[in-house]
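Data first, discussion second: the structure below is written as structure tokens.
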Amino acid sequence: MAFELPPLPYPTNALEPHIDALTMEIHHDRHHGTYVSNLNAAIEKHPELASKTVEELLGNLAAVPEDIRTAVRNNGGGHLNHSIFWRIMKPGGGGEPVGDFARAVDEAFGSFATFKDTLSKTAVGQFGSGWGWAYLDGSGKLVIKGFPNQDNPVMEGGRPIMGVDVWEHAYYLKYQNRRADYVAAWWNTIDWEEVDRRYRAAR
Ligand code: MN
């Protein structure tokens with residue numbers, strides 16, 4: 001099996017009250033689990049791709065055979081997005097950015113408040129299912145943009161730093177249609193040390 005579902009790095013109830021245990025369990029075990037199974041099923045049709053990372057596959061979708069390209073885009077994107085998402089959250093998270101990333105935020109956005117407001121509005125305003133991402137674009141600039149479905153900044157030559165899942169499956173059980181409340185609560189889960197580690201590795 002080429003790709004594996006990474007275990008959640010904390011118990012399903014660890015992000016309560018911001019993200020509830022049942023949402024975490026279904027989201028990780030079933031949604032992320034299904035992306036991994038579907039990605040593996042697609043790759044089985046072209047075993048020569050099994051040695052590639054998901055970033056390599058998504059970073060050059062044109063090189064992926066057409067019969068599995070959409071499956072790799074959707075399920076590979078789902079696998080990558082969620083693998084990052086679980087890691088940038090932690091119990092007792094939140095607060096403000098640290099380290100080099102804190103300086104990059106101030107440089108690019110003037111303040112953490114503006115960065116937070118911009119990413120929140122981008123995520124809340126993403127039409128339908130998708131993600132709000134902060135990432136380094138192809139020129140290394142820290143930017144924020146919404147992505148539909150399971151698309152990821154690597155598909156545009158970017159390096160993803162932190163993103164928020166705004167698919168309804170990420171919040172509907174607890175927040176129903178109140179996406180803005182979920183995004184506001186999500187900030188209380190952020191592991192800023194991990195975000196800073198990702199930023200330093202991406203630079
Ligand atoms: Mn999701």
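GNM on the chain, alpha-carbon springs under 10 angstrom: the most fluctuating residue among K90, K45, K174 is K45. Taking a point 7 Å out from the Cα of S111 in the direction of its Cβ, the residues of region 135-176 whose backbone N falls within less than 20 Å of it are 143-144.
For region 1-111, the spherically averaged projection of the C-alpha convex hull amounts to 8.8 nm².
For the pair region 167-203 / region 33-94, the C-alpha centres are spaced 20 Å from each other. Where does helix 99-109 land angle-wise versus the long Cα axis of the chain, in degrees 0 to 90, nearest 10? Helix 99-109 and the main axis of the chain meet at about 80 degrees.
Comparing N188, N149, N60 in a Gaussian network model of the chain (Cα springs below 10 Å), the most mobile by mean-square fluctuation is N60. Among the lysines, which have Cα under 27 Å from the Cα of K121 when same-chain residues fewer than 8 positions away are ignored? Straight-line reach from K121, under 27 Å: K90, K141, K145, K174. Once the 1.4 Å probe is applied to the protein heavy atoms, region 99-202 comes out at 42 Å² accessible per residue.
The orientation-averaged projection of the convex hull spanning the C-alpha atoms of the chain amounts to 10.6 square nanometres.
Ignoring aspartates and glutamates fewer than eight residues from K52 along the same chain, the ones with Cα atoms less than 15 angstrom from its Cα are E4, E44. Measuring nothing but alpha carbons in region 55-148 and taking Rh as the Kirkwood radius, the Rg to Rh ratio lands at 1.02.
The values are calculated or read from the model by the stated rules, or taken from the named source; none is laboratory data. On a predicted model such as this, the values are computed, not experimentally measured, just so you know. So basically every Cβ, Gly included, is an ideal-geometry build from the backbone, and we count neighbours across all protein chains shown. Remember, those area values only see protein heavy atoms, side chains included, never the ligands or the DNA or RNA. Shrake-Rupley method; radii C 1.70, N 1.55, O 1.52, S 1.80 Å.
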